[in-house]
Amino acid sequence: MTDMRELSPAGRTGAVVITPVMAARRLQAELAALGVASDVHDGYGLALVSVRYELVVWTDGRVFRWRVGQEARHGAAGAYAFGPVQDPVTTAQRVAGRYVELRRRHPPRGPIAGDPQ
């Protein structure tokens, strides 16, 4: 388990500061424990956990958010699910459920002819 404590701006220990990339990496570890591979990308005060096409989890270090419901349509608002960064285990379970749902709806295809194996 990753310790998410850092020094507070005043230099006092005990203050819990969860940066976006710390939260994303913790979620990535929890997803991996459930057998779900992902990549983490960070910048501009946000971090993304890319799980698969149409499943990207965003975090600002306070909450996780990801798209749910029907697949995104160009220009459509859509609905989002949220989870607190303090509970990456439950969030990972929910994201893994969405992953299974999307895989069932859009199963992975085999390699394209001519692609290196």
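The rows are residues; the columns are (1) at pLDDT below 95; (2) part of a loop (DSSP other than H, G, I, E, B); (3) basic (Lys, Arg); (4) within 17 Å of residue 98 (Cβ to Cβ).
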{"site": "11", "(1), (2), (3), (4)": "yes, yes, no, no"}
{"site": "24", "(1), (2), (3), (4)": "no, no, no, yes"}
{"site": "28", "(1), (2), (3), (4)": "no, no, no, yes"}
{"site": "31", "(1), (2), (3), (4)": "no, no, no, yes"}
{"site": "47", "(1), (2), (3), (4)": "no, no, no, no"}
{"site": "50", "(1), (2), (3), (4)": "no, no, no, yes"}
{"site": "56", "(1), (2), (3), (4)": "no, no, no, yes"}
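Scanning the stretch 81-103 for residues that are among the β-branched types (Val, Ile, Thr), part of a helix (DSSP H, G or I) and surrounded by 18 or more Cβ atoms within 10 Å (Cβ to Cβ) returns 91, 95.
The values are calculated or read from the model by the stated rules, or taken from the named source; none is laboratory data. Model, not experiment: these values are computed from the prediction. All Cβ positions, even for glycine, are placed from backbone atoms using ideal geometry, and neighbour counts span all protein chains on display.
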